[in-house]
Amino acid sequence: MNKAENPALDALLARIDRQRVPKHVAIIMDGNGRWAQSKGEERIVGHSNGVRSVREALTGATEVGVQYLTLYAFSTENWNRPRAEVDALMDLLVRTMASELEELMANGVRLNAIGDLESLPKSCHDTLMESMRATAGNTRITLTLALSYSSRWELLRMVKRIAADVRDGRTSVQEIDEAMVDRHLTTYGMPEPELLIRTSGEQRISNFLLWQIAYAELHFSPVLWPDFDKATLFNAILDFQNRERRFGLISEQVNP
Ligand code: IPE
Ligand code: IPE
Ligand code: MG
């Protein structure tokens, strides 16, 4: 549907203050299984239908000027799901990355990934690396997929790397500060997410970006991921714009 045919979406879009769009939006895409099961389908049908929602999130974010979109696609804990579901998800990832590459190029999307990427099946790992290489020069928006990611995995990795640097004399305990921690996280170089959205009505973080979301605004939507569309995103951004972000100060200090 083109813009002229969707006045409700246009009206939402018009209400967004373009000067205060979050630079980085992170999304916990949840509810695929329940969406499918409510239709009497296998869980994987929900995952396949979630691809359309990824497109909606990406085009919506690009349209309003979000510069970084980070999607939690597969957690460390998700490896423990039934084998058939894990295999189907990995297969879906490979096929989607291959089929969407042209679209990513056309829209100036740079693909990035965080997580224990070495643990992905070879076909998935290789396709991912190839798509990242192909899109490396794009600058409109950075789409980061969190794959085999968990925040505790990332934090442990950071602690071990800093400990090794201290042991080998490359740094000292006194020099450890927030900036050094940041440099050892997989998100190094990205601004912190200002808005974190979780779909499906669950109100938890499930091991996602614990350090990075210290001051993010949290938006919980009841929408199941396959039903997520641009309107859901725009409503979350409007909700974000209605919050007062105080960062520990008092209202009069942030609104002099
Ligand atoms: C999110 O949907 C996708 C992944 C975690 C891979 P779920 O598969 O968790 O769907 P629900 O939460 O069981 O409905
Ligand atoms: C979080 O969803 C992980 C992803 C969206 C990839 P889960 O469905 O795995 O989280 P829990 O089990 O409800 O906490
Ligand atoms: Mg879930």
### Message
What FRET efficiency comes out for S172 versus I250 if R0 is 35 angstrom and r is the Cβ-Cβ distance? Round to the nearest 0.05.
### Response
0.40
### Query
Roughly speaking, what is the stretch gain from R140 to A106, that is 0.36 nm per residue apart minus the C-alpha to C-alpha distance, in nm to one decimal?
11.2 nm
### Summary
To the nearest 0.05, the calculated FRET efficiency linking R133 and R18 through their beta-carbon distance, R0 being 30 Å, is 0.40
### Debye, to nearest 20: dipole size of the stretch 65-135, +1 on Lys, Arg Cβ, -1 on Asp, Glu Cβ
80
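What is the gain in length, in nm to one decimal, between L156 and R204 on full extension, counting 0.36 nm per residue of separation less the C-alpha to C-alpha distance? Walk me through the intermediate numbers first.
On the way: separation 48, 0.36 × 48 = 17.28 nm, distance 2.08 nm.
Here the answer is 15.2 nm.
Share of the stretch 153-205's accessible area from carbon and sulfur, percent, 1.4 Å?
Working: 1570 of 3170 Å².
That fraction is 49 percent.
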### Message
Given a Förster distance of 25 Å, report the FRET efficiency between A214 and D126 from their Cβ-Cβ distance, rounded to the nearest 0.05.
### Response
0.10
### Task
Enumerate the aspartates and glutamates that K122 could reach by cross-link, defined here as Cα to Cα under 14 Å, with residues fewer than 8 away along the same chain left out.
D87, D91, E130
### Task
May I ask for the net charge around M180, where only other residues with Cβ less than 12 Å from the Cβ of M180 are counted and Lys, Arg are +1 while Asp, Glu are -1?
-2
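From the Cα gyration tensor of the stretch 86-178, with a ≥ b ≥ c the square roots of its eigenvalues, which class applies: rounded if a/c is under 1.5, or else prolate if a/b is larger than b/c, or else oblate?
Working: a/c = 3.15, a/b = 1.85, b/c = 1.70.
Taking the square roots of the gyration eigenvalues as a ≥ b ≥ c, the stretch 86-178 is prolate.
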### Task
Per DSSP H run of n ≥ 4, the term is -39500 (n - 2.57); total these for the chain, divide by its residue number, and report the mean residue ellipticity at 222 nm rounded to 500 deg cm²/dmol.
-14000 deg cm²/dmol
### Query
Pick from E56, E100, E194: which residue has the top mean-square fluctuation in a GNM of the chain where Cα pairs under 10 Å get a spring?
E100
## Note on the structure
Surrounding charge for R140, neighbours by C-beta under 12 angstrom, Lys/Arg +1, Asp/Glu -1, total 0
### Query
If packing is taken as the mean number of other Cβ atoms within 10 Å per residue, what is the order of 72-81, 174-183, highest first?
72-81, 174-183
### Shape category assigned to the stretch 1-105 from the gyration tensor of Cα positions, a/c cut at 1.5
prolate
### Message
Charges on Cβ only, +1 for Lys and Arg, -1 for Asp and Glu, centred on the Cα centroid of the stretch 1-127; of Y68, G33, Q19, which one is farthest towards the dipole's positive end?
### Response
Q19
### Summary
Note on the chain: alpha-carbon gyration tensor, axes a ≥ b ≥ c; rule is a/c under 1.5 for rounded, else prolate if a/b larger than b/c, else oblate; result oblate
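The values are calculated or read from the model by the stated rules, or taken from the named source; none is laboratory data. Since this is a predicted model, take the numbers as computed values, not measurements. Here the Cβ is made from the backbone with ideal geometry for all residues, glycine too, and neighbour counts use every protein chain on show. For the accessible areas, the whole protein counts, side chains as well, though only heavy atoms, and no ligand, DNA or RNA atoms are used. Shrake-Rupley method; radii C 1.70, N 1.55, O 1.52, S 1.80 Å.
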